[in-house]
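We did not get these values from a lab; they are worked out from the coordinates using the rules stated. Values in this document were obtained by computation on a predicted structure and should not be read as measured data. We place every Cβ from the backbone using ideal geometry, glycine too, and count neighbours over all the protein chains shown.
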Amino acid sequence: MWKTTIKLKHKCLFGDNCEKSKVSCTNISFNSFKKGNFYYVYHFGTVFGENSKKFINLLKKDRRVDYIETQGRTFFIAEKRKSKEVPGMYIGYDIVYTKPVYVDNTGHETWSLAAIKKETLMECIKNFKDARILSIQASKLTDIYSLRLSPDLTQHQRDAFELAKNQGYYLFPKKTDLNKLAKLSRLSKSAFREHLKRAEMKILGEISY
């Protein structure tokens, strides 16, 4: 199989609202279809950052959202457009995600996709205006497998893991330690360690079978 990673910034539901809220999010788009004179696509994702509530509220008010359902930082959306202008609307049956789409707090998106043929990916990329190809290459099947978008973490577990990741706890050498992370989270060291450990166990459980 072939896989590609591309980066782009365009006017879209997630890029616009991530930039306004100064948050990041991950999402996967699927099941695009046309009904009447409108185009639809479903999105499932998770928002990360201190202003996650602001991001969710902006989504609820956004006219491009036809339906939204949320639980904490997780969201499910049906997006409605007059034309086929959303990149996710071009992800057909012959393309798969190798990772969820990552949108940073400046509105830039990173897409990781795979297909049987290189030509399939190139044709898809043509629909991504201003896209920059970071890589495109033949890949082993072990590099194609995609995890679930988000394990079933509690809010405390998600916050602890996100903080640890962003502060460099999982880098080598480590950029921080549990004492510093607990202080930043305003929790005791034992409480923070418990939330982080449970988050790690759930995340590792996703790849243990």
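Per the Kirkwood definition applied to all pairs of different Cα atoms, how many angstroms is the hydrodynamic radius of region 2-143?
Values: mean 1/r = 0.0648 Å⁻¹.
About 15.4 Å, per the Kirkwood formula over Cα pairs.
Between Glu162, Glu109, Glu79, find the one with the highest GNM mean-square fluctuation for the chain; connect C-alpha pairs within less than 10 Å.
Highest fluctuation of the listed residues: Glu162.
Along the charge dipole of the chain, Cβ charges K/R +1 and D/E -1, which of Met1, Ser135, Phe55 sits furthest on the positive end?
Towards the positive end, the residue furthest out is Phe55.
Rounded to the nearest 500 deg cm²/dmol, what is the calculated helix-only ellipticity per residue at 222 nm for the chain, with -39500 (n - 2.57) per DSSP H run of length n ≥ 4? All intermediate terms of the calculation are to be shown ahead of the outcome.
Working: 6 runs with 64 residues, N = 209.
Estimated from H runs of four or more residues: -9000 deg cm²/dmol.
Between Lys175 and Lys22, what is the label-to-label distance in nm when each label sits 7 Å out along the Cα-to-Cβ direction?
1.8 nm
Given a 10 angstrom Cα cut-off, can you work out which residue in Lys22, Lys84, Lys183 is the most mobile in a GNM of the chain?
Its mean-square fluctuation being the largest, the pick is Lys183.
Two decimals is fine: what is log10 I(q)/I(0) at q = 0.19, 0.22, 0.25, 0.26 Å⁻¹ for region 155-205, from a Debye sum with one equal scatterer on every Cα and no solvent?
Here log10 of I(q) over I(0) equals -0.54, -0.72, -0.92, -0.98.
Go ahead and set up a Gaussian network model of the chain, Cα springs under 10 Å, then flag whichever of Lys129, Lys54, Lys99 fluctuates most.
Its mean-square fluctuation being the largest, the pick is Lys129.
Taking just the C-alpha trace of region 67-195, give me its Rg and Dmax in Å.
In order Rg, Dmax, the Cα atoms of region 67-195 give 18.9, 54 Å.
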